[in-house]
Amino acid sequence: MTTVSRLIMAGVLIVAGWGKIGTPVLSVQAVEAYELLPESLARVVGYGLPILEIVVGVLLVVGLLTRVAGVVSALLMLAFVIGIASAWARGLRIDCGCFGGGGQLAAGEEPAYLVDILRDFGLFALGVVIAWFPPGRFALDSALGLTPDRGPDDDTEIIEDEEPPEKEND
């Protein structure tokens with residue numbers, strides 16, 4: 001379950017970041033359209049967000065620092081849900097800019113806020129799964145022994161003795 005969640009979240013983040021990284025000005029424009037951050041901070045977020053999305057996505061694909069990447073991805077999705085809900089509540093007519101582009105909608109275009117919120121809330125749930133459960137057997141964390149927890153994704157069976165063996169006194 002965690003491996004599938006990791007790969008879905010990774011795919012979404014990498015595609016989203018890739019769609020924005022080639023046109024950072026449009027990414028900044030998309031962040032500014034939400035009217036939530038001061039201009040200087042919106043610029044930093046607009047330029048940094050695509051890089052963060054790609055890095056977290058790659059970490060999830062390989063399963064390195066998996067739980068940290070899960071927390072970061074869940075927090076990103078929660079921030080996106082809050083931003084979109086805020087834009088909707090304030091009557092802004094913007095494209096979310098989730099996969100590139102963004103900014104004000106052209107005349108006649110309608111925002112898809114409900115779809116965007118539902119998608120991002122579902123992705124938030126995947127981020128929680130990734131952060132909560134062990135990363136799975138196909139994660140680099142597991143191969144490197146960086147995760148002490150064992151879970152249903154592991155294929156090894158743990159057998160516990162009822163009583164530890166007693167030492168013989170000679």
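Electrostatic bookkeeping for Glu32 treats Lys and Arg as +1 and Asp and Glu as -1; over the other residues with beta carbon under 13 Å from its beta carbon, the sum is -2.
Please report, as a whole percent, how much of the solvent-accessible surface of region 31-120 comes from carbon and sulfur atoms (probe radius 1.4 Å). Walk me through the numbers before you get to the answer.
On the way: 3330 of 4610 Å².
Reported share for carbon and sulfur atoms: 72 percent.
Once the 1.4 Å probe is applied to the protein heavy atoms, region 21-79 comes out at 50 Å² accessible per residue. Taken about its Cα centre, the chain carries a charge dipole of about 1300 debye when Lys and Arg each add +1 at the Cβ and Asp and Glu each add -1 at the Cβ. Other residues lying with their Cβ under 14 Å from the Cβ of Leu123 contribute a combined charge of -1, Lys and Arg counting +1, Asp and Glu -1. Taking the charge dipole of the chain about its Cα centre, with +1 at Lys and Arg Cβ atoms and -1 at Asp and Glu Cβ atoms, the residue from Gly108, Trp132, Gly70 reaching farthest to the positive side is Gly108. Short-range pairs are left out: with C-alpha atoms under 8 Å and at least six residues apart, the relative contact order of the chain is 29 percent. Long hydrophobic helices in the chain, taken as whole DSSP H segments with a C-alpha length of 30 Å or more on their own axis and mean Kyte-Doolittle hydropathy at least 1.6: 39-62, 66-89. Once the gyration tensor of the Cα atoms in the chain is diagonalised, the equivalent ellipsoid follows with semi-axes of 42, 15, 13 Å, ordered largest first.
The values are calculated or read from the model by the stated rules, or taken from the named source; none is laboratory data. In this text, all values refer to a predicted model and were calculated from it rather than measured experimentally. When we count neighbours, we look across all protein chains shown, and the Cβ atoms used for this are built from the backbone with ideal geometry, even at glycine. All accessible areas refer to the heavy atoms of the entire protein, side chains included, with ligands and DNA or RNA removed. Shrake-Rupley method; radii C 1.70, N 1.55, O 1.52, S 1.80 Å.
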